Amino acid sequence: NSLPRVAILGATSHIAKGLIAQFLQTQSARLVLFGRSAERIRAFLKSANCAGPAEIMQGYDEFDSGNYDVIINCVGAGSPRKLGSDRSIWFTLTEEFDNLVLHYLRRKNPAALYINFSSGAIYGENQGRPFREEDPLSLPVNGLVPADYYTVARLNAEAKHRSMSGLRIVDLRIFAYFSRYAECSLGY
């Protein structure tokens, strides 16, 4: 089959759902969908009336044994309500899944394209205007607050990716995204 094999991590996330629906509608890829709950992935596919070449994986244990042309990382810590007061998850979850993909790229398929989604929140607090590419990040190093943790976790991931210039990695920052798949009750 000449279609690219695309692994999507975090297949039940808001952005992943839009990608999955588009890929399946256009039949432009063979999808391998990873998430914590295969049942939730199946329920989404059914509710969105999505049909097409997709494998649904339960958990991430089999990720390293697959063969992928593209890996899209949509894993996130979840909604603000799910996070509660434990903001350390931004660090641990980002590292865990990023390292899973980087291990795969280094050991198995350095030619695969890795697309890592994150939020425009990496810039920190909005200054009342759209961010520009040349805008600097300014953090009070000795006075970090919980609102800064996501910024630091994402900046670390992006810096790590840039240091791996031999790999094909794209960090894609999403500044605003809303679709029919948004769960409005999650507290965003």
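If you go through segment 70-80 and pick out every residue that is modelled with pLDDT of 90 or more and either farther than 19 Å from Pro110 by Cα or open to solvent by 50 Å² or more (accessible area, probe 1.4 Å) (or both), you end up with 2. Filtering segment 57-69 to residues that are assigned to a strand (DSSP E or B) and surrounded by 16 or more Cβ atoms within 10 Å (Cβ to Cβ) leaves only Met57. Taking first residues from segment 1-15 that are free of Cβ contacts under 8 Å to residues at least 40 places away in the same chain and partners that are polar (S, T, N, Q) and surrounded by fewer than 20 Cβ atoms within 10 Å (Cβ to Cβ), the Cβ contacts under 9 Å between residues at least 6 apart in sequence or on separate chains come to Thr12/Ser37.
Looking only at segment 156-178, count how many residues are within 30 Å of Arg107 (Cβ to Cβ) and free of Cβ contacts under 8 Å to residues at least 12 places away in the same chain. Within segment 156-178, residues that are within 30 Å of Arg107 (Cβ to Cβ) and free of Cβ contacts under 8 Å to residues at least 12 places away in the same chain number 4. Figure legend. Inter-residue proximity from segment 143-155: first residues basic (Lys, Arg), second residues open to solvent by 20 Å² or more (accessible area, probe 1.4 Å) and assigned to a helix (DSSP H, G or I), beta-carbon distance below 9 Å, spacing 6+ or different chains. Indicated pairs: Arg154/Trp90; Arg154/Thr94; Arg154/Ala121.
Scanning segment 34-46 turns up at least one residue that is hydrophobic (A, V, I, L, M, F, W, C) and either at pLDDT 95 or above or touching a His at 6+ places or on another chain (Cβ under 9 Å) (or both). When residues in segment 1-51 are screened for being open to solvent by 60 Å² or more (accessible area, probe 1.4 Å), farther than 26 Å from Asn109 by Cβ and assigned to a loop (DSSP other than H, G, I, E, B), 2 of them pass. Taking the criterion of being touching a helix residue (DSSP H, G or I) at 6+ places or on another chain (Cβ under 8 Å) and under 21 Å from Asp69 (Cβ atoms), the residues of segment 29-46 that qualify are Ala29, Leu31, Leu33, Phe34, Gly35. At pLDDT 80 or above and in a loop (DSSP other than H, G, I, E, B) - does that describe any residue in segment 113-133? Checked segment 113-133: no residue is at pLDDT 80 or above and in a loop (DSSP other than H, G, I, E, B).
The values are calculated or read from the model by the stated rules, or taken from the named source; none is laboratory data. Note that the structure is predicted; figures quoted are calculated from it, not measured. Every residue, glycine as well, gets a Cβ built from its backbone with ideal geometry; the counts of neighbours run over all protein chains shown. Remember, those area values only see protein heavy atoms, side chains included, never the ligands or the DNA or RNA. Shrake-Rupley method; radii C 1.70, N 1.55, O 1.52, S 1.80 Å.
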